[in-house]
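A.B. asks: Take a look at the following structure, please.
The values are calculated or read from the model by the stated rules, or taken from the named source; none is laboratory data. What you see is a predicted model, and the numbers here were worked out from it, not measured in a lab. Glycine also receives a Cβ, built like all others from the backbone with ideal geometry; neighbour counts cover every protein chain displayed. These area figures cover heavy atoms from the full protein model, side chains too; ligands, DNA and RNA do not enter into them. Shrake-Rupley method; radii C 1.70, N 1.55, O 1.52, S 1.80 Å.
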Amino acid sequence: MAGPNPFQNLQKELTVNGECFRYFDISSFEELAELPYSIRVLLESAVRNCDNFQVLEKDVRGILSWKSTKSIKTDVELEIPFKPARVILQDFTGVPAVVDFAAMRDAVLKLGGDPDKINPICPSDLVIDHSVQVDFARTPDALNKNQDLEFERNKERFTFLKWGAKAFNNMLIIPPGSGIVHQVNLEYLARVVFQDDTKSKDGSKILYPDSVVGTDSHTTMINGLGVVGWGVGGIEAEAVMLGQAISMLLPEVIGYKLVGKLNPLVTSTDLVLTITKNLRQIGVVGKFVEFFGPGVSELSIADRATISNMCPEYGATVGYFPIDQNALDYLRQTNRAEDKVQVIEAYLKATNQLRNFSDASQDPVYTQVIELDLGTVVTSVSGPKRPHDRVSVSDMQKDFQECLTNKVGFKGFAIPDAQLKTEGSFSWTDGNTYSLRHGSVVIAAITSCTNTSNPSVMLGAGLLAKKAVALGLKVAPYIKTSLSPGSGVVTYYLKESGVVPALEELGFHVVGYGCMTCIGNSGPLDDNIANTIEKNNLVCCGVLSGNRNFEGRIHPNTRANYLASPLLVIAYALAGTVDIDFEKEPIGTTPEGNNVFLRDIWPTRAEIQEVERQHVIPAMFRDVYAKVELGASSWQSLNAPTGKLYPWDNASTYIKHPPFFETMTRDLPKIGNIVGARALLNLGDSVTTDHISPAGSIARNSPAARYLSERGLTPREYNSYGSRRGNDAVMARGTFANIRLVNKLVSGAGPRTLHIPSGEEMDVFDCAERYAQEGTALIAIVGKDYGSGSSRDWAAKGPYLLGIKAVIAESYERIHRSNLVGMGIVPLQYLEGQNAETVGLTGKELFNIVLPDNLKPHDKITVETDSGLQFQVIVRFDTEVDLEYFRNGGILNYMIRKMIA
């Protein structure tokens, strides 16, 4: 059980403007001066929360030993607990979290406990932002039309969340239409330093660094403001909300030194694409990256946030910028209260956590140092299929042409020489005929949190548009152009600076507030365009200011997709093609027939900064965020249920009581063996959460579609798996439903498997149902890096609902392994050098897996099959905490028993 904090003697007083605060003075440790600033945040959390139960005194000592274990390449792995200050959720993962909490209250009541105890302990913010689709684009009322559709499609989900906002303490829900979760986090939600309202014995508040985990991988954007944070799975986030510590390995920290200044014509997008490619080549998966050096002072907080946002693309856990004076100035610019900013500054100075990037004497020790001269950065894009495949714009035409003929791969489409000049024509609504060829741009979107948080590139795009319109340039009417700001503040300063009319003249109307095109919600292309592309086998393009461009993500008909600054999005839209050399070829012509080159309309960094200085002011943030929690009239008019327990509607196809706690008892169940199990799937390497978790649209011939059809819904009402994450029946039917899933038990790709006793091939869900009726337990056989990709709770919840009791893998992605444990699924791993092939598995065997009562982390056990084959595996319970969760049947069951103990 928890005991007194052994570091209580480190508490000190701090008085600011006559108010007394308390804090744990980590500067008392001699080792602090050499610790990376990101590690100092982990240290402070461990010191403050040390209770010798969840956080041990040896954990603190382990973090203090960072220099001796992680500043050089060693094999030493230290597991430490981390208790973040808060949790942030976006609605796709927020809905199942609220559903689980509502169901947990029911379970606690059923088991004789007090359901009111199920409340987030850790402050939790939920932003409704992900589901907006660009159905309407180049119209003045696109925003209203898209938002009306959003409410029509998702009214039930929104109503449920509005109930949750009232039912749960310590939970704030930001209504739809407010902005992208990461930008709202940056501009409004981030505290930087918490001033805890929980009074200490003498009545003073406790000060400690803001830190956050979120259910979106781009939670790292907040690192740009000096807040340590990263993405986790939904199950892990729910545990943190309930006061549990995250178990993590003490990371290596890569120091990324920035020197020099950016070229006046280069943007922060060009910089981040350069850094992303660089760090991908170096390899930083599982590591922290911390930026330092005098060049950091040249970057605004928005620039830093742009770099931190792309952290998942370069693979690190965080991309951290320590807090400096620029960060404090940003807090003032975004209308944070002056008295709170003064407290933040005083606390950071008192604990040696305020950074001066020009003072090399403050540089800590790093595992490895990499240096980049900002002056070497050039205008760039990334693509056509991966965010780290950076291409200089000067090389873009040559690179694209090579991609056309390269063999199929990340940089190839294998177009035969005879088809390189293929063109297709179509009629448009204006009565004209237009042609498409390889490289033609059909989607141009200023979208996603990466860039729409950054006034420099947003205003730069507006100034470029203004110059283009002044010269009479136009964007072809068939190109689907869109502007989805990250928050209402962006719209505010675009209007005030006078660039909106020019943006709209070029077709870049505000279409909504959300990830939109970047998340795959680009909406349909006109049938004439889609048919022309398909008929002629054209490699047409999307250009977006987003962070991800994986094949098939943006739109099925844009085989090539390029990440670019908002300025370049407009430039390529004006050109109508990516097959252009901007240095030698004009971007367009004036009405008089004069050539206009990109250099003629490109604004300088100084021009942009002057407009930003005049128009991005605190009053905008005050006006926008003063009413953000109120929401639009459509949100205000929603009639949500009241009460602590949710009145479940059995007819609902959106919100359903999950079955996770139906058979739960007060007492711990005995560890059960897995006997007579069948393999539901036999999969290879690099199976991602995109392969496992339900995502995207619901196919009309799928088990999920049949379920919805049986309940009277038409195909146009199916919506997406993301919007139905609160219904386990839909989500279970969408698990392993990816059309590109390769299952060795069947021939061909797709969501199919083999019912081994009958030899019948069927949909994965239908096969799992038949096994359940027969009383057969299930396992999955997989290869390396199982569960890589975006962290998704349903990639673990779905297999659990299909009846999978264990997974045998060659290796696991960190978050997914944790999520499997969190759902009570046993993660087993082959011995080093072994896999299904080397041990002789076909996947058609019967499996017996005995789990001893005295099971310990990393124990080796034997798997037996009916063919006589036996092989050893490692039980990937990595900590005693993992084992405790498993014995309880999962992390949420553990929390319920804890609440009623």
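A.B. asks: Return the subset of K340/K627; K466/K584; K287/K407 for which the Cα-Cα distance in this structure is over 25 Å, preserving the input order.
C.D. replies: Over 25 Å Cα-Cα: K287/K407.
A.B. asks: Return the lysines within reach of K860: Cα separation strictly under 18 angstrom, same-chain partners fewer than 8 residues apart disregarded; answer none if there are no such residues.
C.D. replies: K805
A.B. asks: Leaving out ligands and nucleic acids, and using a 1.4 Å probe, what accessible area per residue does region 86-376 come to in Å²?
C.D. replies: 28 Å²
A.B. asks: Per the helix-only calculation at 222 nm, which mean residue ellipticity applies to the chain, given -39500 (n - 2.57) for every DSSP H run of n ≥ 4 and division by its residues, nearest 500 deg cm²/dmol?
C.D. replies: Helix-only estimate at 222 nm: -9000 deg cm²/dmol.
A.B. asks: Return the distance in nm (one decimal) between the two label points of a simple spin-label model at E34 and V76, each offset 7 Å from Cα along Cα→Cβ.
C.D. replies: Placing both labels 7 Å along Cα→Cβ, they lie 1.1 nm apart.
A.B. asks: Considering only C-alpha atoms, what is the centroid distance from region 139-187 to region 856-901, in Å?
C.D. replies: If we compute the Cα centre of each part, the gap is 39 Å.
A.B. asks: What accessible surface, in Å², does a 1.4 Å probe find on C518, ignoring ligands, DNA and RNA and rounding to the nearest 10?
C.D. replies: Probe radius 1.4 Å; accessible area of C518 about 10 Å².
A.B. asks: State, to one decimal in nm², a quarter of the convex hull surface area for the C-alpha atoms of region 415-523, i.e. the direction-averaged projected area.
C.D. replies: Directional mean of the projected Cα hull area for region 415-523 stands at 8.5 nm².
A.B. asks: Still on this model: Per-residue HN-Hα couplings for region 550-558, Karplus 6.51 cos²θ - 1.76 cosθ + 1.60 at θ = phi - 60°, whole Hz, x for Gly and Pro?
C.D. replies: 4, 4, x, 6, 6, 6, x, 9, 10
A.B. asks: Go through T351, T376 and list them by solvent-accessible area, largest first, probe radius 1.4 Å.
C.D. replies: T376, T351
A.B. asks: Now, a different point. Can you give the charge dipole size of region 721-873 about its Cα centre, rounded to the nearest 20 debye, using +1 on the beta carbon of Lys and Arg and -1 on the beta carbon of Asp and Glu?
C.D. replies: 560 debye
A.B. asks: Looking only at region 287-311, which residues have a backbone nitrogen under 20 Å from a spot 7 Å from the Cα of A360 in the C-beta direction?
C.D. replies: 290-299
A.B. asks: Pulled fully out, how much extra length does the chain show between S394 and E13, if you take 0.36 nm times their separation in residues and subtract their Cα-Cα distance?
C.D. replies: The S394-E13 span can extend by a further 131.4 nm.
A.B. asks: Over region 689-766, consider all pairs of different Cα atoms and compute the Kirkwood hydrodynamic radius from their mean reciprocal separation; express it in Å, one decimal.
C.D. replies: 12.9 Å
A.B. asks: Right, here's the next one. Averaged over every viewing direction, what's the projected area of the C-alpha convex hull for region 141-214? Give it in nm², one decimal, please.
C.D. replies: 6.9 nm²
A.B. asks: Now for a different question. Quick check for you: which residues of region 1-38 have the amide N under 11 Å from the point 7 Å beyond the Cα of D339 toward its beta carbon?
C.D. replies: Answer for this model: 17-20.
A.B. asks: Still on this model: Calculate the FRET efficiency for S297 and E610 from the Cβ-Cβ distance with a Förster distance of 25 Å, rounded to the nearest 0.05.
C.D. replies: The calculated FRET efficiency here is 0.80.
A.B. asks: I've got another one for you. May I ask you to give the percent of accessible area on the chain that is carbon plus sulfur, with a probe radius of 1.4 Å?
C.D. replies: So the carbon and sulfur contribution to the accessible surface is 48 percent.
A.B. asks: Just the accessible area per residue of region 543-634, please: how many Å² with a 1.4 Å probe?
C.D. replies: Per residue, region 543-634 has 41 Å² of solvent-accessible surface.
A.B. asks: Find out how many positive minus negative residues lie around K73, taking Lys and Arg as positive, Asp and Glu as negative, among other residues whose Cβ is under 13 Å from that of K73.
C.D. replies: Combined, the nearby Lys, Arg, Asp and Glu give -1.
A.B. asks: Per the Kirkwood definition applied to all pairs of different Cα atoms, how many angstroms is the hydrodynamic radius of region 295-409?
C.D. replies: In region 295-409 this quantity evaluates to 17.5 Å.
A.B. asks: Determine the equivalent ellipsoid of region 381-623 by diagonalising the alpha-carbon gyration tensor, then write out the semi-axes as square roots of 5 times the eigenvalues, largest first, rounded to whole Å.
C.D. replies: Ellipsoid half-lengths, sorted descending, are 29, 19, 17 Å.
A.B. asks: Also: Given R₀ = 30 Å, what would the calculated FRET efficiency be for T642 paired with I617, taking r from the Cβ atoms and rounding to 0.05?
C.D. replies: Calculated transfer efficiency: 0.15.
A.B. asks: For region 342-445, how big is Rg over Rh, using alpha carbon atoms and the Kirkwood form of Rh?
C.D. replies: In region 342-445, Rg relative to Rh is 1.27.
A.B. asks: What is the gain in length, in nm to one decimal, between E551 and A470 on full extension, counting 0.36 nm per residue of separation less the C-alpha to C-alpha distance?
C.D. replies: Residue separation times 0.36 nm, minus the Cα-Cα distance, leaves 25.5 nm.
A.B. asks: Under a crude label model (7 Å from the Cα following the beta-carbon direction), how far is E629 from D685 in nanometres?
C.D. replies: That separation, rounded to one decimal, is 5.1 nm.
A.B. asks: Continuing with this model, one more query. What number, in percent, do you get for the relative contact order of the chain if the mean sequence gap of Cα pairs under 8 Å and at least 6 apart is divided by its residue count?
C.D. replies: 13 percent
A.B. asks: For S68 and I739, FRET efficiency with R0 = 51 Å and r from the beta-carbon atoms, rounded to 0.05?
C.D. replies: After rounding, the FRET efficiency stands at 0.55.
A.B. asks: Name the residue from G18, N49, M104 whose Cα lies farthest towards the positive end of the charge dipole of region 1-108, charges +1 on Cβ of Lys and Arg and -1 on Cβ of Asp and Glu.
C.D. replies: It is G18.
A.B. asks: Can you give me the long-range amide H partners of E290? Hydrogens built in the peptide plane at 1.01 Å from N, cutoff under 5 Å, separation of 5 or more residues or another chain.
C.D. replies: Amide H neighbours of E290: I254, G255, Y256, Y320.
A.B. asks: Report the Rg/Rh value for the chain, based on alpha-carbon coordinates and the Kirkwood definition of Rh.
C.D. replies: 0.95
A.B. asks: Could you do me a favour and compute the accessible area per residue for region 8-59, 1.4 Å probe, result in Å²?
C.D. replies: 42 Å²
A.B. asks: Suppose the chain between N673 and D329 were pulled fully straight at 0.36 nm per residue; how much longer would it get relative to their current alpha carbon spacing?
C.D. replies: 118.0 nm
A.B. asks: Using a basic spin-label model with each label point 7 Å from the Cα along Cα→Cβ, how many nm lie between A699 and K145?
C.D. replies: 3.1 nm
A.B. asks: Please list log₁₀ I(q)/I(0) at q = 0.07, 0.09, 0.10, 0.14 Å⁻¹ for region 86-376, using the Debye equation with identical point scatterers on the alpha-carbon positions.
C.D. replies: -0.30, -0.50, -0.61, -1.12
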